[in-house]
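Encoded as C-alpha cells, the structure appears first; notes follow it.
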Amino acid sequence: MDETLGTALRRWRDRLSPVDVGRAPRPGRRAVGLRREELAELAGLSVDYVVRLEQGRATSPSAQVVASLARALQLQPVERDYAYRLAGLLPPQDGTVSTHVPAGVQRMLARLGEFPVGVFSADWTLLSWTPAWAALLGDPSARTPAERNLVRAVFAAGPAGLAAWPVLQEGDTLNPALVADLRTALVGHPRDRQLIDLVEELRSTSAEFNRLWDEGAVGPHVSARKTVMHPEVGEVTCDCDVLTIPGSDIRLVVYTVAAGSADAEKLEFLRVTNGVPTDGSSPSGPGLLSRP
C-alpha cells in the first residue's frame, strides 16, 4: 500500500525524541516520540487538525501547513519535499527564499532556551524564536508572517523593528546592512515573488530605503549594542550578534548580556516571571509558521 501523508507524519513523530525539541524527559512517559499535542504546539496548529491529518480526514493541507510540520518534525530537505508531494503539492522551487530551519539548528535552539534568539530567513522574516526572545522583546506570535519581516518593520517603525517596545542601537549600521542583505537575497532568489514585492513595496513607501537601494548600500552585519526599554524592568543593554548558518540562508540573531551584571539580573527576572526554563527550551510554537 502506498504511504499517505498521515502515516508518514506518524512515523516521523514517533522517531523524534522530546529532548530534541527541548522537552525535559518525564518519568513514566509512555508515548514513543512526540505526542500529537506536542507536535501541534510546535507547528502552531490545533491538535484536532493534526489528528485529522494523521487519520486521513484532512486531505488538502496548505503549503504553509506542510512547511510548519516539516520544521516541527525536523525533517531533512529530501523528507520535506516528500511531505509536500504526499500532500499533492510541489516542493519549494530553486530561486525562492527557503523557510526550512535545519534540524541541527533546531536542536541547538532547544538547548539555548535561556538566551533571546530569533531565527530569520534570507528576506529577514522571523521564523521562530526562543521563549527568552519573547520575554525580552515581546511575543511576536500574534503577528502575521508579513508583519514579522524585520526590514519592513525597521523602515516603517524605526530601530525597534519587531520589538513591542523601544530599542535603541548604537551607530547607524543596521539599515544599510538590511538593504544590502535584501539585494543579495534578490540575486540568489530571483524567482521569489514575495521578495520582489517586498523590495518594490519598500522602495515606494520608504524614502530612506529607496535612497539606500539606489546608492547600492553595502553594510556588513557587525556586533551591536542595543538597549531594550522594557516596560517591566527598564533599560536592558545587550550585545546583539547575527550568526549565519553555513550552507543555509538562515540567520540567528542572538542577544546576550555580561554575566553578573545588572542587565543579567534583569534578564533573569524576565525569564523567571515569564516561565522561561534555564535548562533549554523549544522554539516558540507560533513562530514556526512559514509561508508557502
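Structure data summary
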{"read-out": "In the stretch 127-136, the residues that are surrounded by 23 or more Cβ atoms within 10 Å (Cβ to Cβ) and out of contact with any Ser or Thr (no Cβ under 7 Å at 6 or more places or on another chain)", "value": "A132, W133, L136"}
{"read-out": "Scan of the stretch 221-239 for residues that are in contact with a strand residue (DSSP E or B) (Cβ under 8 Å, 6 or more places away or on another chain) and touching a residue at least 40 places away in the same chain (Cβ under 8 Å), ordered by number", "value": "H221, A224, R225, K226, T227, V228, M229, H230, V236, C238"}
{"read-out": "Residue pairs meeting the criteria (Cβ under 7 Å; at least 6 apart or on separate chains; first closer than 14 Å to R71 by Cα, in the stretch 1-20; second assigned to a helix (DSSP H, G or I))", "value": "L9/L53; L9/E54; L9/L69; R13/L39; D20/R107; D20/A110"}
{"read-out": "Qualifying positions in the stretch 56-80 - in contact with a helix residue (DSSP H, G or I) (Cβ under 6 Å, 6 or more places away or on another chain), touching a residue at least 24 places away in the same chain (Cβ under 8 Å) and assigned to a loop (DSSP other than H, G, I, E, B)", "value": "G56, L73, Q74"}
{"read-out": "Residues of the stretch 174-203 satisfying the condition of being polar (S, T, N, Q) and either within 15 Å of A153 (Cα to Cα) or surrounded by 15 or more Cβ atoms within 10 Å (Cβ to Cβ) (or both)", "value": "N175, Q194"}
{"read-out": "T96 more than 13 Å from the chain's Cα centre (by Cα), among the β-branched types (V, I, T) and surrounded by fewer than 15 Cβ atoms within 10 Å (Cβ to Cβ)", "value": "no"}
{"read-out": "The stretch 113-126 - residue that is open to solvent by 10 Å² or more (accessible area, probe 1.4 Å) and in contact with a strand residue (DSSP E or B) (Cβ under 8 Å, 6 or more places away or on another chain) and, of those, nearest to G275 (Cα to Cα)", "value": "F115"}
{"read-out": "Subset of the stretch 56-93 (residues that are open to solvent by 10 Å² or more (accessible area, probe 1.4 Å), closer than 14 Å to L5 by Cβ, of a type in the set (V, I, T) and at pLDDT 85 or above)", "value": "V65"}
{"read-out": "Single residue of L53, L109 found to be open to solvent by less than 10 Å² (accessible area, probe 1.4 Å), without any contact (Cβ under 8 Å) to a residue 60 or more places away in the chain, assigned to a helix (DSSP H, G or I) and aliphatic (A, V, I, L, M)", "value": "L53"}
{"read-out": "Considering residues of the stretch 257-268 that are of a type in the set (A, V, I, L, M, F, W, C) and in a loop (DSSP other than H, G, I, E, B) only, the residue least open to solvent (accessible area, probe 1.4 Å)", "value": "V257"}
{"read-out": "Condition met for A160 (surrounded by fewer than 16 Cβ atoms within 10 Å (Cβ to Cβ), within 22 Å of H230 (Cα to Cα) and of a type in the set (A, V, I, L, M, F, W, C))", "value": "no"}
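The values are calculated or read from the model by the stated rules, or taken from the named source; none is laboratory data. Just so you know, these numbers come straight off a predicted model, no measurement behind them. Here Cβ is always computed from backbone atoms with ideal geometry, including for glycine, and neighbour counts include all displayed protein chains. SASA here: full protein model, heavy atoms, side chains in, ligands and nucleic acids out. Shrake-Rupley method; radii C 1.70, N 1.55, O 1.52, S 1.80 Å.
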